[in-house]
Each structure stands twice: as C-alpha cells, then as structure tokens.
Amino acid sequence: MSKMYHPSTPLPSRVREGHFGEAILPPAGVQPGPVYVYDAAIRLWHWVTFLAIIVLCVTGYFIGSPLPSVGGEAHEHYLFGWIRFTHFAAGMILGVAFVLRLYRVLVGGKHARQIFWIPFWSLGWWKEIFEEVRWYLIIGKPKEYVGHNPLAHFAMFFMFVLPMLVLLFTGFALYAEGAGVHTGWYTWFGWVFSVLGDSMTVRTWHHAAMWVVILFSMVHMYMAIREDMTHRQTTISAMISGWRFYR
Amino acid sequence: MGRQETFYELIRRQGISRRNFLKFCSLSAASLGLAPHFAGTIAHAMETKPRVPVIWLHGLECTCCTESFIRSAHPLAKDVILSMVSLDYDDTIMAAAGHQAEQAIEDIMRDYKGQYILAVEGNPPLGNDGTFCIPGGRPFVEKLKEVAADAAAVIAWGSCASWGCVQAAKPNPTTAVPIHKVITDKPIIKVPGCPPIAEVMTGVITFYVTFGQLPALDRQGRPLMFYGQRVHDKCYRRGHFDAGQFSEKFDDFGARAGYCLYKVGCRGPTTYNACSTTRWNEGVSFPIGSGHGCLGCSEPDFWDNGPFYERLETFPQFGAEMSADRIGATAAAIVGVGIAAHAGITALRQARVKPNTPVAADERVV
C-alpha cells in the first residue's frame, strides 16, 4: 500500500478467507493487508470481453435492424458487409478469450474457478445470498468478500456465464450457416440447429441471450462502482491491478 | 405381376429415338448438378434397371405438392410418372377409384415387398385416434404405418410430411405430426417446401432411379444437392444486402430499385432451398424475383416464426406481439430506472455518514 504508517501502527495483517469467500479481517485497529485476487489472464480476459461485448452489441444491433440504405450503386458500398465482418471478428476474439478463460478455470485457482461453478446444494451459500439481498435492499449490513459476494457469484453464473455460452454457440452456429454446410464450422456447430429447431429460433436465442448479458452488465457496472464507494474494499481497481485492498 | 420393364424399353416402345433418350439423360444429369459423364451412368441405369414402383399417399395436405410436381420441366413430370418410375398408386391422379384403387395398393405391397418407394404428401393427425383424416374408411396414420412397413425408402413430400406445416402450427388442434414421428425404422428423405420446387421433386426421384440409393442428406434429412445452401446465399439481391441497401416498405424507392428485402422480413437468410438457383415455373421467377420476401416455407415451424414481414420473430405470450429486442429494451429501461433509484437511495444514505469517520470495531463484520 502506498499509505504511510505511524511507527506505532501495527503492520498490515493478512486477510484470510472464510468458507464462502468472505473476508476474515484482523481486529479493529490492525490494518488489513491486500489480497491478490485476479491474476493477469483473468484481468486481460475481463477487459477484452468488455470491449468485445460493446462492439458486438452495437454491430449486432445494426445487423438485426440495419441502418437506412446507402445511396448510389451497390458495388460502391460494402457497409453491411463491414458491419457483419466487425461483428464476426469481435465474436472470434470473444470466443478465443473465453476458451483461454476456461483454461484458467482448470489451472487458475479458486478465484478463477468461482463464477463457473455454484455451490447449488449448499444451504449456507443461499443464506449468504439472502444476507446480500438484504444489504442491497439497504436493510442489512455489508460484508466483505475476497472474491465475488454470493449474490454477484449467482448473477455471474446465471446471467453471464450461461448466456455467454448460449451466445457463443448460437453465434458460431450462425457463422457456420454463412460459411456453408460443407465447412468445418458447420460440422462443429451445425448441431445447434438440430437442438433449437430452426434457424429463426437460433437467432431469437442469440438476441434474447444478448439482452440478458446487457441487463447483467448494467447491474454489474453499477454494483462495482457502488461497492467501491460504499464498502471498505476496492472493487474496480482490483480488476485492473489484481489486488483487493481493505481500508 | 411380371418383371417391370426398364425405362429404356418403355420409351423405345413408345417410339422415342435413342438420340432423344440420350438427350434426356444429359438434361437430367445437368439438372442434378452432376458432371457430364454422369449422363452415361443415367443412360445405363435407365437401360438396365427395372422401373421403381412408387406408392404416393396423401394425408392432411392441400395437394400443392402434386400441383407443383406436375409442372416439372426438367425432367417432365410425365416422363417421371409414366416412364422412370411406376407410379402405381396415387389417390389424386390415378385412374382407378374406390375398391379398384385399394386393390392396386395391396397388389404392389404384396408383389414388390421391400422394393417400392413410399412417397408421402401431407401428414397424419394423431388427435382423436387419428380420425381427423380418414382415407378409404380408416385413419390415415394406420394406412401410413402399414404401407411404410415394407417400403424400401420413404420420401416426405413438402413441409407437411417433413415438418408438420400449417396443420401442425400452433395450436395444432388435430395433433398433426411430421411422418418421421410415426415412421421410425425407415430411411426418410425430406423434400420440404410449401410446395417443394417441381424440379427438386423430380430430381430426387431421378437420382434414386439412377443410382439406386438416396442422395447425400444433411443433418435434418434433406438432400444436400438442393438444400445445401440458403436462398440468401445465391440471391441475386445479395449485392444490395452487403452494400447496405434495403427496402423499408413495399412501396418505397428501395422496393422499386430492387434492393434487399431483409428489413421487410425476407427469410432468405434462414431458409435452405434451391429457389434462388432453380427458380419456379421453368425458371421464370421466384418470390424475391417478384419483389416479395421469402416466407421460409421449407423451414420447420415457419408459420409460428412470424410475423412474415418483420425481421425478428415475436413472442405472442407477451400479450402485444413483442420481439426479443423490444422485450430486452423494455427490461433494460426498467433495470435502468431501478439502478437510478437505488443509486439515489444509496447517495442519501451515504450523505448521513460523516466523512473521515474511523472504522468502528462493530462495523467490521468478521
């Protein structure tokens, strides 16, 4: 920490983690030390995904509801082609980043694993979620967590990871459709059409999952800023430096 | 019944020259998209293979498949029906009626057990014990199962037999189902469309007669040679799509200039069919060529994926017809208001906390 300490102040003490990732802080008067939560791969993935989602939402919107027609002859323009190309390129980057993220799930430790798995059968975890809901309804007390708090954990699994998988699979399937049924893309992702029924339904799922991710992102950004301001721990800078500071 | 005569023997008997026979073989090869040397393969098959007996059944349907079929130009439907195959039973266009017709179907099933092709137009309704479709005095579903049991292969003509089509659209009062729901032990080749393109129908038969096997099928059971590409992939308006030139309404400048019909709901990008290459009525035109978007008639559930003139399908269960985008945008607006309200309450609450207050012991949750 950049903070200067008076010689009489005790040295920062290590923050330990409870069963559900809750921070076990040292007693009052002892400065809690920072914890390294998000490693470089996760931070890189987070911000690559952030940028890709913005590009994908904007270009995706224009693919579903195209801009007014351009004038002149068709051969003079490639506007819609470029919008689609940008969408596909951003989608590929998102997909590659997601695969690298899955690799981190395997080898990146518990903080990398957290949002890809939920302790569904743990009653204690659901109680923690309830406590967190109380805090957001401004009737409870805040609790510090080293990783994501249980409510955020819940939302990240159901409103981000799962819709993300839907988006990636339907997106690659739609790309396969354009690439052609004789291509490897179709061999790998053609089954999506068999599962969902037909091409129109795949598009509808792609749109619906995008809106879930948009709703998630709105709440996610609000909560990240709010927690950073009201909690006694850092939230936004943790996804930049990787370190969670307690104050 | 004796040996079925070959196609070649039959047309020679009809006085057609060998030269004209070879011309027909070349045209058939071309219409199937085969290399020129396959004309010889087709000729050889026509000379040596007995004509394939075909039973053509009609369930719940509108006969548009038959109407399309009889308009085939390459090959002519008459050549297919009278020469290439032996269309021994077809309720709609056969001369026999009543008991004679029923006798005919029994004869074929007995004499050509395991050799005949079953072509099905329409589909069986299962509701109310199948009594919504009663040909020959008994439920169609029974007749279908019985005839399918000894068939070599089954052709599903049109979207009814392939996917269910209009009679299976929501709420499907008769519980109409595509034929693969009741015929589960036979290879089924799906030739969807409402109706399918005539040349596609005769092309599938020509292929089977020539090579004695079904053509390569896609995951859903459609012949890849005709359903391997979307209408969009070979659409002559594709240039306008890539450029970003769309008609917004059916009477605007874009519609007159022949711009892409994507924004008025064209289903070309989601429809696997050969319309944009084969076209209709001897290659005269197809819906998009006439300024109307594709309805996606060869796709599953196309009746339920409406409205036809919107890009996105809607969810009728949301009361007013809402698309995924409208529902999503509404939800986003509600969440946005919620966030603003929550932020306001948080700000008020924070304002009551004095700044630079040291952390009290009881404020730490441990």
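Things to note:
- Angle in degrees between helix A:199-230 and the longest Cα principal axis of chain A, rounded to the nearest 10: 20 degrees
- C-alpha center-to-center spacing [region A:194-217, region B:112-145] in angstrom: 37 Å
- Nearest 10 degrees, 0 to 90: helix A:123-136 Cα axis against chain A principal axis: 90 degrees
- For region B:34-118, the antiparallel share of DSSP beta bridges with both residues in that region comes to about 10%.
- For region B:200-347, the dipole from Cβ point charges (+1 on Lys and Arg, -1 on Asp and Glu) about the Cα centre works out to 340 debye, to the nearest 20.
- Estimated from helical segments only, the mean residue ellipticity of chain B at 222 nm is -10500 deg cm²/dmol, where each DSSP H run of four or more residues counts as -39500 (n - 2.57).
- Rounded to the nearest 10 degrees, the angle from helix B:198-211 to the longest Cα principal axis of chain B is 60 degrees.
- Vicinal HN-Hα couplings computed from phi for region A:53-60 (Karplus, 6.51 cos²θ - 1.76 cosθ + 1.60; Hz; Gly/Pro x): 5, 4, 4, 5, 5, 5, 5, x
- The antiparallel fraction among DSSP beta bridges confined to the protein assembly as shown stands at about 40%.
- Note on the protein assembly as shown: with neighbouring protein chains present and a 1.4 Å probe, carbon and sulfur make up 64 percent of its accessible heavy-atom surface.
- Label-to-label distance, nm, for residues given as B:Glu102 and B:Glu248 (7 Å Cα→Cβ offset): 6.3 nm
- The mean count of C-beta atoms from other chains within 10 Å of the C-beta of residues in A:20-28, rounded to a whole number, is 3.
- Max mean-square fluctuation residue, GNM over chain B, Cα-Cα springs under 10 Å, options B:Ala43, B:Ala148, B:Ala156: B:Ala43
- Each of B:Ile105, A:Met164, A:Val99 was placed along the dipole of the protein assembly as shown (beta-carbon charges, centred on the mean Cα), and the one lying farthest toward the positive end is A:Val99.
- Those chymotrypsin sites (Phe, Trp or Tyr not before Pro) in region A:98-138 that DSSP places in a loop and that have at most 10 other beta carbons within 10 Å: A:Phe120, A:Trp121
- Local net charge near B:Phe24, Cβ-Cβ under 13 Å (Lys/Arg +1, Asp/Glu -1): +3
- Under-5 Å amide H pairs with B:Ala119, H placed in peptide plane, nonlocal only: B:Ile55, B:Trp56, B:Leu57, B:Ile155
- The count of lysine pairs in chain B whose Cα atoms are under 24 Å apart, excluding pairs fewer than 8 places apart on the same chain, comes to 24.
- For the residues B:Ile334, B:Ile16, B:Ile345, A:Ile115, a 1.4 Å probe over the protein chains yields an accessible-area ranking, largest first, of B:Ile334, B:Ile345, B:Ile16, A:Ile115.
- For the pair region B:23-91 and region B:247-264, the centres of their Cα atoms are 38 angstrom apart.
- Probe 1.4 Å, protein heavy atoms only - accessible area per residue of region A:11-241 in square angstrom: 49 Å²
- Seen from A:Ala40, the other residues with C-beta closer than 13 Å to its C-beta sum to a net charge of +2, counting Lys and Arg as +1 and Asp and Glu as -1.
- Using the Karplus relation 6.51 cos²θ - 1.76 cosθ + 1.60 with θ = phi - 60°, the per-residue 3J(HN,Hα) values for region A:41-50 come to 5, 5, 5, 4, 4, 4, 7, 5, 5, 4 Hz, with x marking Gly and Pro.
- Near B:Leu224, once Lys and Arg are set to +1 and Asp and Glu to -1 for all other residues with Cβ below 12 Å from its Cβ, the sum equals +2.
- Amide H contacts under 5 Å for B:Thr175, placed H, 5+ residues apart: B:Gly127
- Alpha carbon centroid spacing (whole Å) that separates region B:279-303 from region A:112-162: 51 Å
- Helical runs (DSSP H, four residues minimum) scored at -39500 (n - 2.57) apiece and divided by the length of chain A put the mean residue ellipticity at 222 nm at -19000 deg cm²/dmol.
The values are calculated or read from the model by the stated rules, or taken from the named source; none is laboratory data. Here the structure is a predicted model, which is why all the values come from computation and not from measurement. Virtual Cβ from ideal backbone geometry, glycine too; neighbours counted across all protein chains shown. The area values use the complete protein model at the heavy-atom level, side chains included, leaving out ligands, DNA and RNA. Shrake-Rupley method; radii C 1.70, N 1.55, O 1.52, S 1.80 Å.
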